[in-house]
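Below is one structure, written out as structure tokens; comments come after it.
The values are calculated or read from the model by the stated rules, or taken from the named source; none is laboratory data. Nothing here was measured: the structure is a model prediction, and the numbers come from that model. Cβ placement follows ideal geometry from the backbone for every residue including glycine, while neighbour counts extend to all protein chains displayed. All accessible areas refer to the heavy atoms of the entire protein, side chains included, with ligands and DNA or RNA removed. Shrake-Rupley method; radii C 1.70, N 1.55, O 1.52, S 1.80 Å.
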Amino acid sequence: MVNRNLILSLHDQSVEDELNNLFSAGDVAVDDLDINDLIFPEDEAGIGQGIDIGNIINGRIVRLDKDQVIIDLGFKSEGTIPRNEWDEEADNLEVGQKIKVLVEDLENEQGRADDPSGLISVSFRKAKVIIAWLDLVDKVSEGHIVTGTCQRKIKGGLLVDIGVPVFLPASQVDIRRPGDIGEYIGRVVQCEILKIDKERRNIVVSRRSLIEKERTYAQQKLMAELEVGQVRKGVVKNIADFGAFVDLGGIDGLLHITDMSHTRISKPSEMVAMDQEIEVMVLTIDSEKGKIGLGLKQLLPNPWDNVEEKYPINTVHKGEVVNVMNYGAFVKLEPGIEGLVHISEMSWVKRVNHPNELVNIGDEINVAVLGIDKNGEQMSLGMKQTQDNPWDKVQEKYPIDKEINGRVRNLTNYGAFIELEEGIDGLLHVSDMSWTRKISHPNEVLEKGQELKCRILAVDTDRRRIALGLKQMNDDPWSADIPDRYQPGQLIKGKVTKITNFGVFVGLEDGLEGLLHISELSDEKIENPEDLVKVGDELEVKVLRVDTDERKIGLSRKRVDWTPEEEAKAAEKDGSAGGGDRLSASVSSSSTDPNLQGGLGASGPLIQTPGMKADAEAEEVKEESAE
């Protein structure tokens, strides 16, 4: 089918002028001529012929001059034709030879002004072109295939001789517009006729459309023949950063850089070159999109075929670092065999922020094989597995109850991480910092970089955790000291440190508080403790009880002036009511879990028994990762 829009875009006045000059015949339009009217029977020259300007008539050569050929037209005057109209054929002319000529001009009464001999002006060349044009128009139509020779460049394209001159636009010379269309001069080309314009007497042809149709046919045929796994020959037509396009004979396939070699290559030109003929394997076919995936390495021996036999799991090998990413390093064991050392597999104890802290491209290192994915051609490697794991000796080196020196490396809201040696940290939980003082955050007693001595409470080598205690460096004052110094019935003084809806906390000494329950504030019923006391007020209170198990001291203000008889009566009343312990009930939220080890804080322990939930563990991991 002829593309009319393409034809309109190809119209060029200079081409039209060029072709009009070739077909010019005085004032007569060639389109108005009929070949049957112009070409007379080949009788004797001049017999029965009408000699009018624009007619093609028979003639006979009667004389050959140096520059002119004299033609007998059967008229009172003879015709004259410049000898150069025959080009190379001029030497083959003979007197008596019959030819067809175009009448260009006739003599008048005074004779022709431009012809001193007064002869009729005729043209052999123009007659030949007009006859060929009319003959061609009768034989071909738009869409026909013609063959011709590229004669010369004109504005916008080439002039091609197919018997008559036709126009081949530069954009229609090839699928990709050539840099210099002059290279086609002298070449014989096949083209498709896009347009025959009888009015303007020109023909536009396209070599590109013919190539595209042939290519489409070849593509359809090739796509029907192609199958995944086939081996085909092709020619490299283009090379990009990501691969090369290979012409399989009418359709291009993509040979991706990852499918060129089993070894690592940085650019496709290391494997292929332009116009190189290569054999490739068909990997994928997308008929709808017309895309074909090709492979070169699939035709080469694959080193991964025997990788499991050559590199068994847990064996150690030497390799070269070929690439370093933020998540790990790629190590080449041999050409085509590479594995990844993940950042987490580089050191047992060092905190590696980026792999280039330990390795660089070109380094030779020892690695252990951790895992192999033969089908995916992937291998997991480890560096730390080639070294001793210091955690294997932690239990022996840091037995429970051992006193050790460490440095505060980091503080979190639930405790402090103490560095015992490079890569070995222990957690000092906030609940294990003081026997008596309520510590909201570790920075109340510690700071980063501080040196301190603490005690090993527990070691979990599987989870790589060590629980430390600071308060355990001293005896527990609740075991003897506090019960000895604070006896039930004793009157003492203290300052209000905190007021709650259930009572008042009174500071007795540094880190030691007692609870003055709201019911023990006054003989009157109190709705809000702040109606009676304020934070900072100094109060005189009586010790009601000292609970060493719960680590609590119960206080009373209203009983300060009670007599022994009143105390006995109140105790009898409490006993008959079931002995309810207001102190325990009011602060039950701070009671300890018997399963806890290595810390009694509300945030949870570092080491837990198997029966406990792992909520505290998840919180610890989250905090340490955020660090």
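Those residues that are more than 14 Å from Gly511 (Cα to Cα) and over 47 Å from the mean Cα position of the chain (by Cα), I need them from the stretch 431-449; list them, please.
First, the residues of the stretch 431-449 that are more than 14 Å from Gly511 (Cα to Cα): 441-443, 446-449.
Leu446, the sole residue that qualifies.
Tell me, which residue of the stretch 224-247 that is among the β-branched types (Val, Ile, Thr) and farther than 15 Å from Leu283 by Cβ is surrounded by the fewest Cβ atoms within 10 Å (Cβ to Cβ)?
Filtering the stretch 224-247 for residues among the β-branched types (Val, Ile, Thr) gives 228, 231, 235-236, 239, 246.
Remaining after also requiring farther than 15 Å from Leu283 by Cβ: 235-236, 239.
Values: Val235: 15, Val236: 22, Ile239: 18.
Filtering the stretch 224-247 for residues that are among the β-branched types (Val, Ile, Thr) and farther than 15 Å from Leu283 by Cβ, the one surrounded by the fewest Cβ atoms within 10 Å (Cβ to Cβ) comes out as Val235.
Here's the yes/no breakdown for (1) touching a residue at least 40 places away in the same chain (Cβ under 8 Å); (2) touching a Leu at 6+ places or on another chain (Cβ under 9 Å); (3) not hydroxyl-bearing (Ser, Thr, Tyr):
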site	(1), (2), (3)
Val324	no, no, yes
Ile337	yes, no, yes
Trp391	yes, no, yes
Tyr414	yes, yes, no
**Report entry** Selection count, the stretch 88-103, where residues are out of contact with any helix residue (DSSP H, G or I) (no Cβ under 9 Å at 6 or more places or on another chain) and assigned to a helix (DSSP H, G or I)
**Finding:** 3
Query raised in the report: Looking only at the stretch 464-494, which residues are touching a residue at least 60 places away in the same chain (Cβ under 8 Å) and not in a strand (DSSP E or B)?
Result: Arg464, Met473, Trp478, Ser479, Ile482, Pro483, Tyr486, Gly489
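Filtering the stretch 172-183 down to residues that are open to solvent by less than 80 Å² (accessible area, probe 1.4 Å) and closer than 19 Å to Arg215 by Cβ, which residue is nearest to the chain's Cα centre (by Cα)? Break it down into steps so the answer makes sense when it comes.
Within the stretch 172-183, the first condition is being open to solvent by less than 80 Å² (accessible area, probe 1.4 Å), and the residues that meet it are 172-175, 178, 180-182.
Remaining after also requiring closer than 19 Å to Arg215 by Cβ: 172-175, 178.
Working: Gln172: 37, Val173: 38, Asp174: 34, Ile175: 31, Pro178: 34 Å.
Among those that are open to solvent by less than 80 Å² (accessible area, probe 1.4 Å) and closer than 19 Å to Arg215 by Cβ, it is Ile175.
Sort out which residues of the stretch 426-447 are in a loop (DSSP other than H, G, I, E, B), open to solvent by less than 20 Å² (accessible area, probe 1.4 Å) and within 19 Å of Pro477 (Cα to Cα), and write them in order of number.
Going residue by residue through the stretch 426-447, those that are in a loop (DSSP other than H, G, I, E, B) are 433-441, 445-447.
If we keep only those that are open to solvent by less than 20 Å² (accessible area, probe 1.4 Å) too, we end up with 433, 446.
Once the filter is applied, which keeps residues that are in a loop (DSSP other than H, G, I, E, B), open to solvent by less than 20 Å² (accessible area, probe 1.4 Å) and within 19 Å of Pro477 (Cα to Cα), the stretch 426-447 yields only Met433.
Among the residues that make up the stretch 454-477, is at least one of them more than 29 Å from Ile418 (Cβ to Cβ) and of a type in the set (Lys, Arg)?
Within the stretch 454-477, the first condition is being more than 29 Å from Ile418 (Cβ to Cβ), and the residues that meet it are none.
Checked the stretch 454-477: no residue is more than 29 Å from Ile418 (Cβ to Cβ) and of a type in the set (Lys, Arg).
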Query raised in the report: Are any of the residues in the stretch 174-184 closer than 27 Å to Leu102 by Cβ and touching a Leu at 6+ places or on another chain (Cβ under 7 Å)?
Result: no
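Going through the stretch 157-171 one residue at a time, which ones are in contact with a Leu (Cβ under 9 Å, 6 or more places away or on another chain) and open to solvent by 10 Å² or more (accessible area, probe 1.4 Å)? Quick ask: steps written out before the conclusion?
Just the residues of the stretch 157-171 that are in contact with a Leu (Cβ under 9 Å, 6 or more places away or on another chain), to begin with: 157-160, 162-171.
Of everything in the stretch 157-171, those that are in contact with a Leu (Cβ under 9 Å, 6 or more places away or on another chain) and open to solvent by 10 Å² or more (accessible area, probe 1.4 Å) turn out to be Ile162, Gly163, Pro165, Ser171.
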**Report entry** Single unsatisfied condition, Gly494 versus (1) closer than 16 Å to Ile553 by Cα; (2) within 60 Å of the chain's Cα centre (by Cα); (3) open to solvent by less than 90 Å² (accessible area, probe 1.4 Å)
**Finding:** (2)
Query raised in the report: Within the stretch 575-589, can one find any residue that is of a type in the set (Val, Ile, Thr), out of contact with any strand residue (DSSP E or B) (no Cβ under 6 Å at 6 or more places or on another chain) and modelled with pLDDT of 55 or more?
Result: no
Query - Number of the condition not met by Asn202 [criteria: (1) within 24 Å of Ser141 (Cβ to Cβ); (2) among the polar types (S, T, N, Q); (3) in contact (Cβ under 8 Å) with a residue 12 or more places away in the chain; (4) open to solvent by 40 Å² or more (accessible area, probe 1.4 Å)] - result: (4)
Query raised in the report: From the list Val543, Val459, Val504, which residue is free of Cβ contacts under 8 Å to residues at least 40 places away in the same chain, assigned to a strand (DSSP E or B) and open to solvent by less than 30 Å² (accessible area, probe 1.4 Å)?
Result: Val504
Report summary line: Taking the stretch 446-473 and keeping only residues that are in contact with a Leu (Cβ under 8 Å, 6 or more places away or on another chain) and of a type in the set (A, V, I, L, M, F, W, C), one is left with Leu446, Leu452, Cys454, Ile456, Leu457, Ala458, Ile466, Ala467, Leu468, Leu470
**Report entry** 1 or more residues in contact with a helix residue (DSSP H, G or I) (Cβ under 8 Å, 6 or more places away or on another chain) and among the acidic types (Asp, Glu): qualifying strands (runs of 3 or more DSSP E) within the stretch 307-384
**Finding:** 328-334
**Report entry** Count of the stretch 248-284 residues which are within 16 Å of Glu227 (Cα to Cα), surrounded by fewer than 17 Cβ atoms within 10 Å (Cβ to Cβ) and at pLDDT 90 or above
**Finding:** 2
Query raised in the report: So, of the residues in the stretch 368-425 that are among the polar types (S, T, N, Q) and within 26 Å of Tyr327 (Cα to Cα), which turns out to be most open to solvent (accessible area, probe 1.4 Å)?
Result: Asn375
**Report entry** Every residue from the stretch 507-540 that is surrounded by fewer than 20 Cβ atoms within 10 Å (Cβ to Cβ), closer than 18 Å to Trp562 by Cβ and touching a Ser or Thr at 6+ places or on another chain (Cβ under 6 Å)
**Finding:** none
Query raised in the report: Of all residues in the stretch 267-301, which are touching a residue at least 24 places away in the same chain (Cβ under 8 Å) and of a type in the set (Lys, Arg)?
Result: Lys267, Lys291, Lys297
Query raised in the report: Within the stretch 314-358, how many residues are surrounded by fewer than 15 Cβ atoms within 10 Å (Cβ to Cβ) and among the aromatic types (Phe, Trp, Tyr)?
Result: 1
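Just need a number here: residues in the stretch 507-536 that are closer than 25 Å to Ala568 by Cβ, touching a residue at least 24 places away in the same chain (Cβ under 8 Å) and either in contact with a helix residue (DSSP H, G or I) (Cβ under 7 Å, 6 or more places away or on another chain) or in a strand (DSSP E or B) (or both).
Narrowing the stretch 507-536 to residues closer than 25 Å to Ala568 by Cβ: 514-526.
Filter once more, keeping what is touching a residue at least 24 places away in the same chain (Cβ under 8 Å): 514-517, 519-523.
If we keep only those that are either in contact with a helix residue (DSSP H, G or I) (Cβ under 7 Å, 6 or more places away or on another chain) or in a strand (DSSP E or B) (or both) too, we end up with 514-517, 519, 521.
The number of residues fulfilling the criteria is 6.
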**Report entry** Residue list for the stretch 546-569, filter: part of a strand (DSSP E or B) and surrounded by fewer than 17 Cβ atoms within 10 Å (Cβ to Cβ)
**Finding:** Asp547
